[in-house]
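Shown next, in structure tokens, is the structure this report addresses.
The values are calculated or read from the model by the stated rules, or taken from the named source; none is laboratory data. It should be emphasised that the depicted structure is a prediction, and the values quoted were computed from it without experimental measurement. Cβ atoms come from the backbone with ideal geometry, glycine included; neighbour counts cover every protein chain shown. Surface accessibility is based on the protein's heavy atoms, side chains included, excluding ligands, DNA and RNA. Shrake-Rupley method; radii C 1.70, N 1.55, O 1.52, S 1.80 Å.
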Amino acid sequence: EAQVTQNPRYLITVTGKKLTVTCSQNMNHEYMSWYRQDPGLGLRQIYYSMNVEVTDKGDVPEGYKVSRKEKRNFPLILESPSPNQTSLYFCASSLTATYEQYFGPGTRLTVT
Amino acid sequence: SQQGEEDPQALSIQEGENATMNCSYKTSINNLQWYRQNSGRGLVHLILIRSNEREKHSGRLRVTLDTSKKSSSLLITASRAADTASYFCATAGGTSYGKLTFGQGTILTVHP
């Protein structure tokens, strides 16, 4: 089954404790992206990757890091999480940047 | 910055009625996409319309695009209670190739 998986689905952590949210797709897609969703603000793009070893900033990259060492994986790293990073995070993939996006189920992160 | 602006923010209708949602954007685009999200879950792609297209249909969905006005509309005909969800437009390509920018969404409630 074609899908995008994210782990963990729920995470509660404390300020400053490094964490990684994993994202994996099994569709051989070149393009992958991370978004955060906050009430009243819709989805905002954090980082995207056009292909392996090619990543670029979205609209809200501060406080986040990403890497794309393999085509199928695109982890999101929070080196020192802060409470304002409490949000619902979505990973997505698509054939290329302008094709339809396939979304993961989301990761609900709470930073206390 | 949020390129897509949607209105209305919320729409409440009865089953069988039509629902129309509008999206406006600011810069040139390659295409415009509409997505649906059931409460807190991942987004699901509904329809994509390219910048050189004016209208597109998919089942009960009809999307229009007016690039001169930088606006799009999504019409859901003969709505059902199961259509209750949030609907988002997203713009792709254009001057910021690689970025996908979402609107804030329209919350649609269809009463049985």
Matching entry among A:SER80, A:SER24 (being over 19 Å from B:THR101 (Cβ atoms), touching a Ser or Thr at 6+ places or on another chain (Cβ under 9 Å) and either aromatic (Phe, Trp, Tyr) or open to solvent by 70 Å² or more (accessible area, probe 1.4 Å) (or both))
A:SER80
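Working carefully through the options B:ARG80, B:ARG41, find the one that is more than 9 Å from chain A (Cβ to nearest Cβ), open to solvent by 40 Å² or more (accessible area, probe 1.4 Å) and basic (Lys, Arg).
Numbers: B:ARG41 fails: more than 9 Å from chain A (Cβ to nearest Cβ).
Exactly one of B:ARG80, B:ARG41 is more than 9 Å from chain A (Cβ to nearest Cβ), open to solvent by 40 Å² or more (accessible area, probe 1.4 Å) and basic (Lys, Arg), namely B:ARG80.
Of all the residues that make up segment B:85-104, how many are under 15 Å from the mean Cα position of the chain (by Cα) and open to solvent by less than 50 Å² (accessible area, probe 1.4 Å)?
Total meeting the criteria: 12.
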Can you pull out every residue in segment A:73-112 that is within 13 Å of the chain's Cα centre (by Cα), outside any strand (DSSP E or B) and under 13 Å from A:ASN51 (Cβ atoms)?
A:PHE74
Looking at segment B:1-25 only, could you name the residues that are over 24 Å from B:ALA82 (Cα atoms) and either loosely packed, with under 14 Cβ neighbours inside 10 Å or within 12 Å of the chain's Cα centre (by Cα) (or both)?
B:SER1, B:GLY4, B:GLU5, B:SER24, B:TYR25
Going by the structure shown, is B:THR64 among the hydroxyl-bearing types (Ser, Thr, Tyr), more than 14 Å from chain A (Cβ to nearest Cβ) and open to solvent by less than 50 Å² (accessible area, probe 1.4 Å)?
yes
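If we only count strands (runs of 3 or more DSSP E) wholly inside segment A:1-49, which ones have 2 or more residues that are under 12 Å from A:ALA92 (Cβ atoms)?
A:4-7, A:19-25, A:31-38
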